[in-house]
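Enquirer: Shown below is the structure under consideration.
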Amino acid sequence: MSDSPPLVCNYTDPISVVESFIVAMNQWETAACQAAREARHTADPSSHWGPVQNAMDCIFSLYCTARERPHGRHSSFSKPPQYNPANEHVISSLEHGKKWHVETQRDHPLYGGKLLYVMQKVGGEWRIDSVKIMQGATWRPTTL
């Protein structure tokens, strides 16, 4: 996988962080799918996993809080990509105590719906701490 330069992101704006994360994850999922396809016919078809994990870890270090995520993504990706800036748009943004909530609407056959990115300030910069999905009338934790 190629190392793309980080996207321009205004870390003092929670919306910019969420939008940049969505773009970065879309690029990562697309590249991960290509890497898996290319590795399929090599001596080690699983050779893509290390670079895929490293690239995802880099994105998380840029846009997310540093914490243990035992039920995290674990380098899983999908086709079509779960994250797609053409199909996920910010619909509201609200300060919530010491945190910030950025709500999006995602159009995706499996992972669609309303999402709530819970932001936390780290060293004067906003980072994604968690994400929730609307199920019925309740926000439920989901995987970043």
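Enquirer: Can you find, among Leu116, Pro81, Cys9, the residue farthest towards the positive end of the dipole of the chain? Put +1 on the C-beta of Lys and Arg, -1 on that of Asp and Glu.
Expert: The listed residue farthest towards the positive side: Leu116.
Enquirer: How far, in degrees from 0 to 90, does helix 14-39 lean away from the longest principal axis of the Cα atoms of the chain, to the nearest 10?
Expert: 10 degrees
Enquirer: Among bridges DSSP assigns within region 58-144, what percent are antiparallel (round to 5)?
Expert: Expressed as a percentage, antiparallel bridges in region 58-144 total about 95.
Enquirer: Same structure, new question: Leaving out ligands and nucleic acids, and using a 1.4 Å probe, what accessible area per residue does the chain come to in Å²?
Expert: 56 Å²
Enquirer: Go ahead and estimate [θ] at 222 nm for the chain from helices alone: -39,500 (n - 2.57) per DSSP H run with n ≥ 4, summed, over the residue count, rounded to 500.
Expert: It lands at -10000 deg cm²/dmol.
Enquirer: Also, I was wondering about something else. Can you compute the charge dipole magnitude of the chain about its Cα centre, using +1 on each Lys and Arg Cβ and -1 on each Asp and Glu Cβ, nothing else charged? Give it in debye, rounded to the nearest 20.
Expert: With only Lys, Arg, Asp and Glu charged at Cβ, the dipole is about 420 debye.
Enquirer: Additional query: Restricting things to Cα coordinates, could you compute the convex hull volume per residue of the chain in Å³?
Expert: Once divided by residue count, the hull of the chain is 116 Å³.
Enquirer: Next question, about the same structure. Would you calculate the separation in nanometres between label points at Asn10 and Lys79, each defined as 7 Å from the Cα along the Cα-to-beta-carbon direction?
Expert: Once both label points are built, they end up 3.7 nm from each other.
Enquirer: What is the percent carbon and sulfur in the accessible area of the chain, measuring with a 1.4 Å probe over the protein chains and ignoring ligands?
Expert: For the chain, the apolar C and S fraction of the accessible surface comes to 54 percent.
The values are calculated or read from the model by the stated rules, or taken from the named source; none is laboratory data. Given the structure is predicted, the values throughout are model-derived calculations rather than measurements. Cβ coordinates were reconstructed from backbone atoms using ideal geometry, including for glycine residues, and neighbour counts include every protein chain displayed. Side chains included, ligands, DNA and RNA excluded: accessible areas come from the protein's heavy atoms. Shrake-Rupley method; radii C 1.70, N 1.55, O 1.52, S 1.80 Å.
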